[in-house]
Amino acid sequence: MHSDKQIGILGVGNLLLADEGFGVHFINYLTGNFVIPDHVSVLDGGTAGIMMAPFIEDADYLYVIDTVASDGEPGTIRRFTDEDIQAGNFQARMSPHQVGLLDILDLCRLRETAPERTEMITVVPEDLSTRIGLSPRLEPKLAQVMELLHQSLATHDIFLEPKTAAAGA
Amino acid sequence: MAQRIVVDPVTRIEGHLRIDAEVDNGVVAKAWSSGQMWRGIELILQGRDPRDAWLFTQRICGVCTTVHALASVRCVENALGMEIPINAQYIRNLVQSIHALHDHIVHFYVLSALDWVDVVSALSADIGKTVQLAESISNWPGNSANRFKTVKAKVQAIVDSGQLGPFANGYWGHSAMKLPPEANLMAVSHYLEALDYQRKADMALGIISGKNPHIQNLSVGGVTAAINPDNENTLNMERLYWVRQLVEEVQGFIKQVYVPDVIAIAALYKDWLPYGAGVTNYMAVPDMVLDTKSTSFDLPGGTIMGGDLATVKPFTSFNDPYFRDNVVECIARSWYDGDWTRHPYEEDTVPKYTDFQDEGKYTWLKAPRFQGEPMQVGPLAQVMVGYAQGHELTRKYVDHVLSEISTLAGVQVGPAALHSSLGRHAARAIRAAMLSDLAIKHWQLLVDNIGKGDLEIFNRPTFPKGEIQGFGFHEAPRGALSHWIVIKDGVIKNYQCVVPSTWNAGPRDDKDKPGPYEASLVGNPIADPERPLEVLRTIHSFDPCIACAVHMLDPEGRETVKLKVL
């Protein structure tokens, strides 16, 4: 069984800028399709910066879903861990939320309230124009990121049940 | 010989602001403020249902979500000439005041205190003397020898590790840093503590508004937070008492830590009191509404021209033509097609980028004007307008703060000293104290009204055929925010947001009058052009957040100031 650790899943991004809103769309996908257990908290952080601090401080294991403006084909999914963050592999040309997030993590570390572990699952965007909705290229990435998140959660013995199965049970 | 400094980006939070300053003999002679990114958020709203606009506008900016939601529903309600149930007004007032408490604490401690506080100097602080200093200005229980010892050890560990984290980009050891080590240690301790109280404010906001950071409980015509004192799924008494308790804890921090810290910093930096005034035309909009028709307020609004408090003229309602008919925006120096000056209802948004031209166009921000004049907005404007009108609560806190600064500084400091960079910080702390009182007052008004059996929260809007227009304003943490809407056959035809940071960070206009940021830098001393701490001090005192001013997010983020001395 899972431990009594608190899991936080945080989607960040700007909903008004097409693929930039991937993290927000992901949170909608997650809560629309899966039953969220008590010790798992989910937040659509938007672009809220410091307002996300309480959520981050409450998490023992934090998963962040975001877009990343790095080299690579649109739709490329990358994972970053604490080691990458500490090593500074995370600085260049990232999205504004992660950087705000890094500031918050720094501050939380100083306050000794940072999560034990942080993992970021990021997607390279295709379309950053001013409109709402994902590009056809990123739409299928919701399920793929979900799969990666499932794998990570499984290491904590957490298995999210699909909503339909729960309803039918 | 004149040198030119470019600070880019200026902010730690969202928005991409560039400041150019010409320095002559150690003093800023001329400055330019430039918004570096553009996205046409208005375009997303065209063709949509006006009742949904607030859901989108609160996504414009990550810092100011709540305020755009409020201004948005108000502009639609204004277009429809609606009244709002009194419970809904009180709930909105609670939302806005608690949001502001959160925002002001974060701005001072996390985003700007380190312009005045030297973290490294805290390492030489004497613990006993730090306790003595702290006790002389406040009876906050957190000011203990143990606490200061722990914080000092923590700072030592960070400095030893070479990983400075949030302190990485500070100007430590700069000659303009004047606080004694003990004051620095006390301030660093409060910096680390501030997040606990921000968190309490966030929790209170979450309980009332459903969800942070994006509130869920607004609606054109009222709020959707059903009130039932006895139902656990609604806004009931248990939740309301929880909110009150959290607000009282935050109020304790504001009155015993934030206000005394600002007083101490202003007194210890009294040499800085003459700097940073800039544009002394002030504008604030009235808020904390007390009636269903939105004609009576607990926070006064109005204008002051040329720093003369005798010129004060109030805005008296949410439909005051004195506001509606006098706001224009000018694009003569902005990267849009044309050089017009227009009323927000009449504006269009056609980008036309040129390079940065000192004498031409140099920013994505438009230049808002009131009766043709640039206006400074924000807590200082609000406090000045209230003070000039003899508003009792404003007078009480202004007089208290000025008298404490005078005592500590050993010189007489009057209201004129508030026209300054430090004055903006003092006014923000004053406003936080006022809003903590008002949050509790409006909590009581709400509870008393529910006690009478009134549970109304919503009036249904109906949209006529044909074209209507409306404006809605809100005195946000960064100042006067207004949304302007044109609705045709129940659908949005045009939408403009005239945001506080556009008023303050906007450029020159067609008559070459500089905006408040630009004017405030002129005359600032610059000890070391390679490390322009003084520029940041003055700009940060406005609480810059231009994500919404240019409707875009900062792609670079962290405050690695790219500094060019040309």
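The values are calculated or read from the model by the stated rules, or taken from the named source; none is laboratory data. Just so it is clear, the model here is predicted, and its values are computed rather than measured. In this analysis, Cβ positions are derived from the backbone assuming ideal geometry, glycine residues included, and neighbour counts consider all displayed protein chains.
Any idea which residue in segment A:9-30 is surrounded by the most Cβ atoms within 10 Å (Cβ to Cβ), counting only those that are closer than 15 Å to A:A59 by Cβ and within 14 Å of chain B (Cβ to nearest Cβ)? The extreme case among them is A:V12. Of all residues in segment A:45-71, those satisfying the criterion of being part of a strand (DSSP E or B) and either at pLDDT 90 or above or closer than 19 Å to A:D82 by Cα (or both) are A:Y61, A:L62, A:Y63, A:V64, A:I65, A:D66, A:T67.
Just one residue in the set B:L164, B:L192, B:L179 is within 15 Å of B:I105 (Cα to Cα) and not small (G, A, S); that residue is B:L192.
Considered as a group, the residues in segment B:161-185 that are farther than 27 Å from B:Q132 by Cα and assigned to a helix (DSSP H, G or I) include one that is modelled with the highest pLDDT, and that residue is B:S161.
In the set (1) surrounded by fewer than 24 Cβ atoms within 10 Å (Cβ to Cβ); (2) touching a Leu at 6+ places or on another chain (Cβ under 6 Å), B:A427 fails one condition alone, (1). For segment A:50-67, a residue qualifies if it is facing another protein chain (nearest Cβ under 8 Å) and either buried (at least 24 other Cβ atoms within 10 Å of the Cβ) or of a type in the set (D, E, K, R) (or both), and the qualifying residues are A:I50, A:M51, A:M52, A:A53, A:E57. Residue pairs whose Cβ atoms lie under 8 Å apart, sitting 6 or more positions apart in sequence or on different chains, and linking a residue in segment A:35-49 that is more than 7 Å from chain B (Cβ to nearest Cβ) to a partner that is hydroxyl-bearing (S, T, Y), are A:V42/A:T31. In this structure, does B:S406 turn out to be within 18 Å of the chain's Cα centre (by Cα) and either of a type in the set (S, T, Y) or surrounded by fewer than 22 Cβ atoms within 10 Å (Cβ to Cβ) (or both)? Answer is no for this residue. Check segment B:460-474 and report whether any residue there is closer than 30 Å to B:D261 by Cα and surrounded by 17 or more Cβ atoms within 10 Å (Cβ to Cβ). There is at least one residue in segment B:460-474 that is closer than 30 Å to B:D261 by Cα and surrounded by 17 or more Cβ atoms within 10 Å (Cβ to Cβ).
I'd like to verify a number: residues in segment B:198-233 that are within 14 Å of chain A (Cβ to nearest Cβ) and of a type outside the set (A, V, I, L, M), how many? Count: 12. Restricting attention to segment A:31-47, the residues being charged (D, E, K, R) and buried (at least 16 other Cβ atoms within 10 Å of the Cβ) number 1.
Of the strands (runs of 3 or more DSSP E) lying entirely inside segment B:474-566, the ones with 3 or more residues being at pLDDT 95 or above and touching a helix residue (DSSP H, G or I) at 6+ places or on another chain (Cβ under 7 Å) are found at B:479-488. Farther than 26 Å from B:W54 by Cβ, at pLDDT 95 or above and part of a helix (DSSP H, G or I) - does that describe any residue in segment B:223-238? Looking through segment B:223-238, none of the residues is farther than 26 Å from B:W54 by Cβ, at pLDDT 95 or above and part of a helix (DSSP H, G or I).
Within the option set B:G40, B:G47, B:G15, being at pLDDT 90 or above, within 14 Å of chain A (Cβ to nearest Cβ) and under 30 Å from B:E77 (Cα atoms) holds for one residue only, B:G47. A residue that is buried (at least 22 other Cβ atoms within 10 Å of the Cβ), farther than 19 Å from B:L133 by Cβ and either in contact with a strand residue (DSSP E or B) (Cβ under 7 Å, 6 or more places away or on another chain) or in contact (Cβ under 8 Å) with a residue 40 or more places away in the chain (or both) can be found somewhere in segment B:190-197.
Do you know which residues across segment A:118-138 are away from chain B (no Cβ under 12 Å) and assigned to a loop (DSSP other than H, G, I, E, B)? Those that are away from chain B (no Cβ under 12 Å) and assigned to a loop (DSSP other than H, G, I, E, B): A:V124, A:E126, A:D127, A:L134, A:S135, A:P136, A:R137, A:L138.
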